[in-house]
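The values are calculated or read from the model by the stated rules, or taken from the named source; none is laboratory data. Source: prediction; values computed, not measured. Methodologically, a virtual Cβ is constructed for each residue, glycine included, from the backbone with ideal geometry; neighbour enumeration extends over all protein chains shown.
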Amino acid sequence: MLPRISPNIGLQSNLAEPPLAAYLRSLELIAAYDQAEALPAHEYRFHGLSDRVRMLLAHHERRCDEVIAILARGGPATVWQVTQELSWSRGWSSVTGFMRRAVLAEAGAHLRHLADAGMVAVSAAEAGEPDRYASVT
C-alpha cells in the first residue's frame, strides 16, 4: 500500500493464484484498518487506508475498462498489442528497458483477471505464437 502510486501487479507463471485477483482481495481486507497509520516501504507514512483502497480499486476498474475498450475497438490482440495501447502515466514511448517487461506483466495480469471473470476470451496460440484476447461484450 503506497500513498501515491499503484504497485505493479504483474502476471507470473509460477503463481498458483491469479495475482490481480489476490491483490484486489487483499485491498478489501486492508480497508478494515482505516484507523491505522500506513508505514509503506516506499514514500511516506499516511492515514486513510479505506480512502486509498477505494482509489486503488477504482484505478484497477478503470484499467480493466480500458483493456476491454481496446479489445472492442481493435479486435483480438496479444498481450503486447494491448500493452502498447494502454495509457501509461509517462506515455508508451517513455516506457523502456525493464519497465517494458513490468508493464507487459501488468497488462497480462489484467487480461487474465478479465478472462477469469468471463469478460475476455482467450484464443490458444499455435506453437510459437502468443495467445490472443478478445472482448466478449
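Rundown of residues vs (1) at pLDDT below 95; (2) more than 30 Å from residue 136 (Cα to Cα), yes/no style:
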{"residue": "37", "(1), (2)": "no, yes"}
{"residue": "43", "(1), (2)": "yes, yes"}
{"residue": "51", "(1), (2)": "no, yes"}
{"residue": "66", "(1), (2)": "no, no"}
{"residue": "82", "(1), (2)": "no, no"}
{"residue": "87", "(1), (2)": "yes, no"}
{"residue": "103", "(1), (2)": "yes, no"}
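Hey, could you check the stretch 83-117 for residues that are of a type in the set (Phe, Trp, Tyr) and surrounded by 13 or more Cβ atoms within 10 Å (Cβ to Cβ) and say which is farthest from residue 6 (Cα to Cα)?
This residue is 92.
For the stretch 78-137, give me each residue that is farther than 20 Å from residue 60 by Cβ, assigned to a loop (DSSP other than H, G, I, E, B) and among the aliphatic types (A, V, I, L, M).
124, 125, 127
In this structure, is residue 72 part of a helix (DSSP H, G or I), among the small types (Gly, Ala, Ser) and at negative phi?
Yes; evaluated as a whole, the condition is true for this residue.
Residue pairs, Cβ under 8 Å, 6 or more apart or interchain, first in the stretch 81-99 and in contact (Cβ under 8 Å) with a residue 24 or more places away in the chain, second of a type in the set (A, V, I, L, M). List them.
Going by the 8 Å Cβ cut-off, the qualifying pairs are 82/67; 82/70; 82/71; 82/107; 82/111; 83/103; 83/104; 83/107.
Within the stretch 123-136, how many residues are under 24 Å from residue 88 (Cα atoms) and either surrounded by fewer than 14 Cβ atoms within 10 Å (Cβ to Cβ) or out of contact with any Pro (no Cβ under 8 Å at 6 or more places or on another chain) (or both)?
Residues in the stretch 123-136 being under 24 Å from residue 88 (Cα atoms) and either surrounded by fewer than 14 Cβ atoms within 10 Å (Cβ to Cβ) or out of contact with any Pro (no Cβ under 8 Å at 6 or more places or on another chain) (or both): 3 in total.
Scan the stretch 16-35 and report the pairs whose first residue is hydroxyl-bearing (Ser, Thr, Tyr) and whose second residue is outside any helix (DSSP H, G or I), with Cβ atoms within less than 7 Å and a gap of 6+ or a chain change.
23/9
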